[in-house]
């Protein structure tokens, strides 16, 4: 009888935690600040992990052998995601444009043009006075699940007409975007790459999705480059020259 009451209590707490996680996650999307969205997502993940821990505890109470197996698997799974390199993945797509590097870079490195060719980007504004340079802060409005969120990025590296490295300002992960343009016999070799590092909690919960995430990010970047191509190609001035 006592065992049944304990298991029932644990079950109700698990349900409460999962409902709370869902509500917190939904509330983050309805805000405007990307950092608030991120913090709500982390809280939601914490509640979800707590629910899974209680599920394992419930198994330990009711069926100790199965509970012990689940606990060992959960520990091994968590330990695997501790090293940063296990939570990090790079995406790199390239395309050859029939346009000179200067023409491509003029659009690709102009942050105000990003909404024209980058998926989900609504508006991009340079917050730091003056021209774009290393250390400049960019305010970017992006659309997530039908809601607009405002994120900030910092210019990590800038080589005019050649290379632009941006880092999204977040607290619990790493997000980088790299834009590169170099001469090619047929015009320009354009590279759009990125590095993404999940937080430990996110990796524990969704790490099994890394291959599909990598594929989806690559597909989005490829589509973005094709949109960029329609802007810079054909290059009438280059053809007349």
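Each peptide in 127-138, 56-67, 191-202 gets a packing score, the mean of other Cβ atoms within 10 Å over its residues, and the list from highest to lowest is 191-202, 56-67, 127-138. Taking the chain as a Gaussian network, Cα atoms linked when under 10 Å apart, which of 99, 68, 151 shows the biggest mean-square fluctuation? Sorting by GNM fluctuation, first place goes to 68. How far is helix 210-232 tilted off the main Cα axis of the chain, in degrees rounded to 10, range 0 to 90? The two axes meet at around 20 degrees. Taking the chain as the reference, fit the longest principal axis to its C-alpha atoms, fit the long axis of helix 34-62 to the helix C-alpha atoms, and give the angle between the two in degrees, 0 to 90, nearest 10. Approximately 30 degrees, to the nearest ten. Compared with the alpha-carbon gap, the fully stretched path from residue 89 to residue 69 is longer by 4.2 nm at 0.36 nm per residue. Largest first and in whole Å, the equivalent-ellipsoid semi-axes of segment 8-146 read 45, 20, 12, each the square root of five times a Cα gyration tensor eigenvalue. For the peptides 1-14, 77-90, 154-167, the ranking by mean Cβ contacts within 10 Å, running from highest to lowest, is 154-167, 77-90, 1-14. Once both labels are positioned 7 Å from their Cα atoms along Cα-to-Cβ, the gap between residue 169 and residue 60 label points is 4.2 nm.
Report the relative contact order of segment 1-144, percent, no decimals, based on alpha-carbon pairs under 8 angstrom and at least 6 residues apart. It rounds to 14 percent for segment 1-144. Normalised by the number of residues in the chain, the mean separation of alpha-carbon contacts (under 8 Å, six or more apart) gives a relative contact order of 22 percent. Working note: 222 nm ellipticity from helices only, DSSP H runs with n ≥ 4, each -39,500 (n - 2.57), summed and divided by the residues of the chain, gives -16500 deg cm²/dmol to the nearest 500.
In this simple spin-label approximation, residue 182 and residue 231 carry label points 7 Å from Cα along the Cα→Cβ vector, and these lie 2.3 nm apart.
Of all the options 55, 168, 190, the one that moves most in a Gaussian network model of the chain with Cα springs shorter than 10 angstrom is 55.
The stretch between residue 50 and residue 78 holds 8.7 nm of extra length on full extension. This uses 0.36 nm per residue minus the Cα-Cα distance. Peptides 37-45, 203-211 ordered by packing proxy, namely the average of other Cβ atoms within 10 Å per residue, highest first: 37-45, 203-211. Can you pull the one-decimal nm distance between simple spin-label points at residue 15 and residue 154, each 7 Å off the Cα toward Cβ? That separation, rounded to one decimal, is 4.7 nm. Extension gain, residue 123 to residue 8, is 36.4 nm, computed as 0.36 nm per intervening residue step minus the present C-alpha separation.
Computed from the coordinates by the stated procedures, all read-outs in this text should not be read as laboratory data. Please read these numbers as outputs of a predicted model, since none were measured by experiment. Cβ coordinates were reconstructed from backbone atoms using ideal geometry, including for glycine residues, and neighbour counts include every protein chain displayed.
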